[in-house]
Amino acid sequence: WMKKKELNAKQFVDLLVKVSEGNFMYLCHVLPEIECGRYLHGTVDELPHGLRSYYRCHWDQMQREDREPFSRVYEPVACFLAAAESPVEFAELVELTKLDRRDVQRVLRAWRAFLPEERRGNCRFYRLYHTAFRDFLAEEVDPGLSKHRSLIIDDALARIKRARDEDRPRTTQHVSR
């Protein structure tokens, strides 16, 4: 990549310092992509400037690859995790998104770098890796994450209602003749 862009090591480092805006997460995502051959065409200006720009480019690329599944599957998983702000158990994520388990697993595999897994006993929990990704989603995808936060609240209220209904004693009414 450096040879194709006619950069020496110092110029490459200086470029990365500038475009990363000093954020190590940028380097964690962009360096492997450079190594795999992404950003080969065009000039060095094709590199995203800052982590937010990287997220925007990645998001746009994923949308272009397969728009319908992206908006139906990928976007809800990422936005629910962003709205939750704490790790979400896999089964709960499936319930919140109303998606097939395999679809949720596909998103989690595809975005492993952004949605790390934590194991607690036999349960798997997922969260957003970096708050900058949450900020991107809250500002550019679902403003304030209000849509997804409302759906989480609605789901919690429905669970409370179901639990209350299940605990209510059942009475049998007898009709006298």
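The values are calculated or read from the model by the stated rules, or taken from the named source; none is laboratory data. Since we're looking at a predicted model, the values are computed, not measured. Counting neighbours? That spans all protein chains shown, and the Cβs are built from the backbone with ideal geometry, glycine included. Just so you know, the surface numbers come from the protein's heavy atoms only, side chains and all, with ligands and any DNA or RNA stripped out. Shrake-Rupley method; radii C 1.70, N 1.55, O 1.52, S 1.80 Å.
Please compute the Kirkwood hydrodynamic radius over the chain, one decimal place, Å, based on all pairs of different Cα atoms.
Its Kirkwood hydrodynamic radius stands at 18.9 Å.
Report Rg (one decimal) and Dmax (nearest whole number) for the range 60-110, counting Cα atoms only, units Å.
Reported Rg and Dmax, both Å: 10.6, 29.
If I compute solvent accessible area with a 1.4 Å probe over the protein chains, what percent of it on the range 2-94 is carbon and sulfur?
55 percent
With a cut-off of 8 Å between alpha carbons and a minimum separation of six or more residues, what is the relative contact order of the range 1-88 in percent? Walk me through the intermediate numbers first.
Values: 42 pairs, mean separation 21.1, N = 88.
Relative CO of the range 1-88 lands at 24 percent.
Pull up the cross-link candidates among the lysines for LYS98, meaning alpha carbon to alpha carbon under 18 Å and not fewer than 8 places away within one chain.
Counting by Cα, and skipping residues close in sequence, LYS98 has these lysines nearby: LYS147.
Among the aspartates and glutamates, which have Cα under 14 Å from the Cα of LYS3 when same-chain residues fewer than 8 positions away are ignored?
Qualifying aspartates and glutamates at Cα under 14 Å: GLU35.
For the range 149-155, just list the computed ³J(HN,Hα) in residue order, Karplus coefficients 6.51, -1.76 and 1.60, θ = phi - 60°, integers in Hz, with x standing in for Gly and Pro.
Per-residue couplings from phi come out as 5, 4, 5, 5, 5, 4, 5 Hz.
Using the heavy atoms of the protein chains alone and a 1.4 angstrom probe, what is the accessible area of the chain per residue in square angstrom?
64 Å²
Lysines within cross-link reach of LYS5: Cα-Cα under 29 Å, excluding same-chain residues under 8 positions apart?
Candidates past the 8-residue exclusion: LYS18.
If you fit an axis through the alpha-carbon atoms of helix 24-35 and take the longest principal axis of the Cα set of the chain, what angle between them do you get, 0 to 90°, nearest 10?
The angle comes out near 70 degrees.
Exactly which trypsin sites (Lys or Arg not before Pro) in the range 1-30 are in a DSSP loop and have at most 11 other Cβ atoms within 10 Å? Each step should come with its number before you reach the end.
Numbers: sites: LYS3, LYS4, LYS5, LYS10, LYS18; in loops: LYS3, LYS4, LYS5.
Qualifying residues, ordered by number: LYS3, LYS4.
Take every Cα pair under 8 Å in the range 66-177 that's 6+ residues apart, average their separations, divide by the length, and report that relative contact order as a whole percent.
Relative contact order for the range 66-177 comes out at 29 percent.
What does the charge add up to near GLU85, with Lys and Arg as +1, Asp and Glu as -1, over the other residues with Cβ less than 13 Å from its Cβ?
+2
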